[in-house]
Amino acid sequence: MAMESVLYFLSYHSQQNHPFHFASNDRLNKESNMEGDLQKSLSLRVNRRGDRSNQSPPKGKVPQDYPMKVVWKRGFIRLVLVIGILWMLLILMALLFHIWSCQSSVSFLSAMCNKDSKVFTMLDTMGLVTKPHRCPIPVSSDPDKIVIPTGRTSNKIIKKLLYVMEDEVPHNESQSSPLFGGYISWKQREESFKPKSNMKVHCGFIQGGGADMDPVDIKYVKKCKFVVASGIFDGYDIPHQPSNISLRSKKLFCFLMVVDEVSLKFMRENGTVTEDNEGGKWVGIWRLFLLKHPPYDEPRRNGKVPKILTHRMFPQAQYSIWIDGKMELIVDPLLILERYLWRGKHTFAIAQHKHHRSIYEEADANKRRKRYARPLIDLHMKIYYHEGMKPWSSNKRTISDVPEGAIIIREHTAINNLFSCLWFNEVHLFTPRDQLSFGYVAYRLGDSFKFFMFPNCEYNSLFVLHPHTREHSSPIEWVKELNQLDKDSNLKESRGGLGLFTPYPADLDSVVLPHVTRTSKAG
């Protein structure tokens with residue numbers, strides 16, 4: 001051990017004194033220092049990472065499920081974004097489909113287009129749907145130059161027309177209260193279709209049947225010989241002010257709007273009703289005409305009173321133009337009378353329906369659109385078919401059996417008044433869908449009643465159509481089977497319509513309605 005120590009001592013000192021060994025030692029020292037710095041740096045990084053990891057959860061160790069929470073959080077955000085994008089694409093596709101269906105010539109698709117909906121109104125405002133087909137109307141350019149006929153059209157067929165005011169209530173019926181349209185027997189109905197020099201027919205306004213009028217309004221209309229009439233019931237529409245009305249027409253015409261209590265209340269709540277010194281109610285140019293105690297349960301049927309029985313409500317009127325409450329008149333009424341009555345020497349004018357010419361096709365569309373109880377529409381059509389009303393064809397004397405009932409232009413002659421009474425009686429007896437009964441009454445009166453049916457495109461040029469305030473619906477519109485009316489008395493109308501009268505005096509079970517081919521857009 002002593003010898004080894006000596007040798008180690010000598011070797012060490014010899015290396016320290018040799019120049020090469022000095023350089024080697026310096027290099028080794030530097031390398032060792034660098035390695036030490038590197039180790040310190042790595043150690044610091046590890047410590048810092050440890051510090052940061054320790055700071056993630058302030059206390060304790062890192063949870064094992066922490067990475068999974070991050071993944072779930074990111075996945076949820078992505079899922080919400082994807083759902084939002086898909087929802088926006090779905091809405092866009094629905095809007096595009098709505099536009100396409102409204103423009104499509106395919107019957108099934110076009111029937112799906114609801115032109116009263118808010119979506120269609122929005123698309124129409126944006127200019128994304130095609131406007132209704134309008135054709136130019138050959139009206140005169142200046143209302144002041146219109147020559148108004150001095151005489152009245154002579155009554156060649158009917159000299160005297162009287163109306164039933166008091167009705168005998170059937171003794172075998174449990175209901176004893178008067179009906180506005182009366183208890184019309186099938187025999188009375190049949191006789192009314194035979195024009196004679198002197199006639200007395202049911203024509204609404206049976207005493208005690210409702211539809212009472214304010215004395216102030218009755219007094220006002222006595223001066224009205226030229227009338228533009230409209231009506232709003234059940235708050236279904238709002239008044240629209242006519243435009244392009246000349247000063248001459250404003251002085252000549254009475255603009256009369258018939259309303260019920262519900263609609264009047266709605267207008268007052270919206271602050272549009274004003275009153276004059278005599279108690280008359282006004283909305284702009286329209287003089288409101290309150291119809292108290294509505295005669296029917298069904299608002300649609302109530303609306304037919306001023307529409308069809310205009311000559312009864314305004315007995316002093318010589319000429320009248322009826323427009324539905326949803327319409328805004330944009331043509332001077334004097335020009336309308338000149339174009340559709342005086343120029344062609346007509347006394348009754350109405351627009352042709354855009355899609356249908358046969359009442360059976362119109363009835364089929366009414367059933368599918370739930371405009372009234374389906375079995376009652378079928379019963380209505382069976383009676384007409386049994387009584388000889390054939391589907392429309394080019395061999396008929398009229399260009400169509402189905403009108404666009406939103407406008408009626410007429411001179412109040414005796415034959416026109418008779419037609420209006422009989423038309424209303426059909427609405428009173430059967431369904432409130434007046435387009436189904438117009439062609440039938442014209443068929444029964446034959447050549448005694450002449451009318452001018454003008455193209456539908458001209459109808460679109462007379463007005464601007466506005467959407468209803470809401471979607472109309474009544475319980476009877478959803479009835480699919482007749483036994484539903486027997487089971488639930490609340491579905492059955494109590495003051496009008498089928499079921500209030502004696503059964504039809506013929507077997508209708510064997511009557512088969514003609515086949516309807518759905519070819520039109522409304523079909």
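The values are calculated or read from the model by the stated rules, or taken from the named source; none is laboratory data. This is a predicted model, so every value here is computed, not measured. Glycine also receives a Cβ, built like all others from the backbone with ideal geometry; neighbour counts cover every protein chain displayed. Note: accessible area is taken over every heavy atom of the protein model, side chains too, but ligands, DNA and RNA are not part of it. Shrake-Rupley method; radii C 1.70, N 1.55, O 1.52, S 1.80 Å.
The Asp214 and Leu92 beta-carbon pair, evaluated with R₀ = 60 Å, returns a calculated FRET efficiency of approximately 0.70. Peptides 357-369, 136-148, 83-95 ranked from most to least packed give 357-369, 136-148, 83-95, packing being the mean of other C-beta atoms within 10 angstrom over each peptide's residues.
Only Lys, Arg, Asp and Glu carry charge here, each on its Cβ (+1 for the first two, -1 for the last two); on that basis region 328-459 has a dipole of about 380 debye about its Cα centre. May I ask you to list the residues of region 439-461 whose amide nitrogen lies under 14 Å from a point 7 Å from Cα along the Cα→beta-carbon direction of Thr398? In region 439-461, the label zone of Thr398 (backbone N under 14 Å from the point 7 Å along Cα→Cβ) covers 439-454.
Each label was represented as a point 7 Å from its Cα along the Cα-to-Cβ direction; for Asn198 and Arg74 these points are 10.0 nm apart.
Measuring against 21 Å, Cα to Cα, the residue pairs Lys219/Lys304; Lys396/Lys450; Lys159/Lys194; Lys304/Lys396 contain Lys219/Lys304; Lys304/Lys396 as the ones spanning a longer distance. Label sites at His466 and Lys223, each approximated as a point 7 angstrom past Cα along Cα to Cβ, lie 2.7 nm apart. Relative to the current alpha-carbon distance between Ser448 and Glu481, full extension at 0.36 nm per residue lengthens the span by 8.0 nm. The residues of region 219-301 expose, per residue, 46 Å² of accessible area to a 1.4 Å probe. Over all Cα atoms in region 405-449, the spread is summed up by Rg and Dmax: 10.2, 26 Å.
Rounded to whole Å and ordered largest first, report the semi-axes of the equivalent ellipsoid of region 364-523 derived from its Cα gyration tensor (root of 5λ).
Each semi-axis is √(5λ); the values are 26, 21, 17 Å.
Just the number, please: Stokes-Einstein D of region 436-488 in µm²/s, Kirkwood Rh from C-alpha pairs, 25 °C, 0.890 mPa s. Show your work: numbers first, answer last.
Numbers: Rh = 15.8 Å.
In µm²/s, the coefficient is 155.
Annotation: peptides 310-317, 392-399, ranked by per-residue average of other Cβ atoms within 10 Å with the highest first, follow the order 310-317, 392-399. One chain, two ends: Arg248 and Ser185. Fully extended at 0.36 nm per residue, the span grows by 18.0 nm beyond their Cα-Cα distance.
Here the calculated FRET efficiency for Glu387 and Glu261, from their Cβ-Cβ distance with R0 = 60 Å, stands at 0.95, rounded to the nearest 0.05.
When peptides 255-266, 344-355 are sorted by average Cβ neighbour count within 10 Å, with the highest value leading, the order is 255-266, 344-355. Annotation: per residue accessible area for region 137-217 equals 61 Å², rounded to a whole number [probe 1.4 Å, protein chains only]. Computed from label points 7 Å out along Cα-Cβ, the spacing between Ser141 and Ile285 is 2.2 nm.
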